[in-house]
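Participant: One structure follows; several queries about it will come next.
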Amino acid sequence: MPPFGHEEAVAFFRGVIGAVAQGGVVLLAAKDDGRIVGAVQLGVDLPPSQPHRADVKKLLVHRSARRRSSKR
């Protein structure tokens with residue numbers, strides 16, 4: 001998405017991979033018929049007094065999966 005270039009995107013996602021590897025971020029994917037149609041990043045690097053919490057950092061949903069019910 002302009003002006004966000006390819007190199008910036010690669011750097012961003014490498015940072016996400018690093019945060020997941022270090023345990024500060026949980027990455028979940030939603031699949032439909034074997035295709036990933038959504039993803040969410042949850043920040044779990046919170047104070048010890050809040051082990052039950054997480055911050056939604058980024059939520060992405062593919063156009064084809066928007067406004068659909070999970071019941072089929």
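Participant: I need the full set of residues from segment 1-49 which are assigned to a loop (DSSP other than H, G, I, E, B) and surrounded by fewer than 10 Cβ atoms within 10 Å (Cβ to Cβ), in order please.
Facilitator: Step one: filter segment 1-49 for residues assigned to a loop (DSSP other than H, G, I, E, B), giving 1-5, 23-24, 33-34, 44-49.
Listed by number, the residues that qualify are M1, P2, P3, F4, G23, D33, G34, P47, P48, S49.
Participant: Is there any pair linking a residue in segment 1-23 that is among the β-branched types (V, I, T) to one that is outside any loop (DSSP other than H, G, I, E, B) and surrounded by 10 or more Cβ atoms within 10 Å (Cβ to Cβ), with Cβ under 8 Å and at least six apart or on different chains, and which?
Facilitator: Final answer for the pair search is V16/V25; V16/L27; V16/Q41; V20/V26; V20/L27.
Participant: While we're here: For the condition touching a helix residue (DSSP H, G or I) at 6+ places or on another chain (Cβ under 8 Å) and without any contact (Cβ under 8 Å) to a residue 24 or more places away in the chain, what is the one hit in L42, L46, L60, L27? Please lay out each step first, then the result.
Facilitator: Values: L42 fails: touching a helix residue (DSSP H, G or I) at 6+ places or on another chain (Cβ under 8 Å); L46 fails: touching a helix residue (DSSP H, G or I) at 6+ places or on another chain (Cβ under 8 Å); L60 fails: touching a helix residue (DSSP H, G or I) at 6+ places or on another chain (Cβ under 8 Å).
The match here is L27.
Participant: For segment 51-61, check the following and say yes or no: at least one residue is of a type in the set (A, V, I, L, M) and at pLDDT below 90. So that I can check it myself, show each step before the final result.
Facilitator: Initially, segment 51-61 is screened for residues of a type in the set (A, V, I, L, M), giving 54, 56, 59-61.
Retained after the next criterion (residues that are at pLDDT below 90): none.
No, segment 51-61 contains no residue that is of a type in the set (A, V, I, L, M) and at pLDDT below 90.
Participant: If you don't mind, another one. Looking only at residues in segment 62-71 that are part of a loop (DSSP other than H, G, I, E, B) and within 18 Å of G34 (Cβ to Cβ), which one is modelled with the lowest pLDDT? So that I can check it myself, show each step before the final result.
Facilitator: From segment 62-71, those part of a loop (DSSP other than H, G, I, E, B) are 62, 66-71; that's our starting set.
Right, trim to within 18 Å of G34 (Cβ to Cβ) and you get 62, 68, 70.
Details: H62: 92, R68: 77, S70: 67.
Taking the candidates together, the pick is S70.
Participant: Determine if segment 54-61 includes at least one residue that is in a strand (DSSP E or B), within 14 Å of the chain's Cα centre (by Cα) and exposed (fewer than 10 other Cβ atoms within 10 Å of the Cβ). Step through it out loud before you land on a result.
Facilitator: Quick first cut of segment 54-61, residues in a strand (DSSP E or B) only: 55-61.
When the remaining residues are screened for being within 14 Å of the chain's Cα centre (by Cα), the result is 55-61.
Now drop any that are not exposed (fewer than 10 other Cβ atoms within 10 Å of the Cβ), which leaves 56.
Yes, segment 54-61 has at least one match.
The values are calculated or read from the model by the stated rules, or taken from the named source; none is laboratory data. Every value quoted in this text rests on a predicted model; they were computed, and no experiment measured them. Neighbour counts are summed over all protein chains in view; Cβ atoms, including those assigned to glycine, are modelled from backbone coordinates with ideal geometry.
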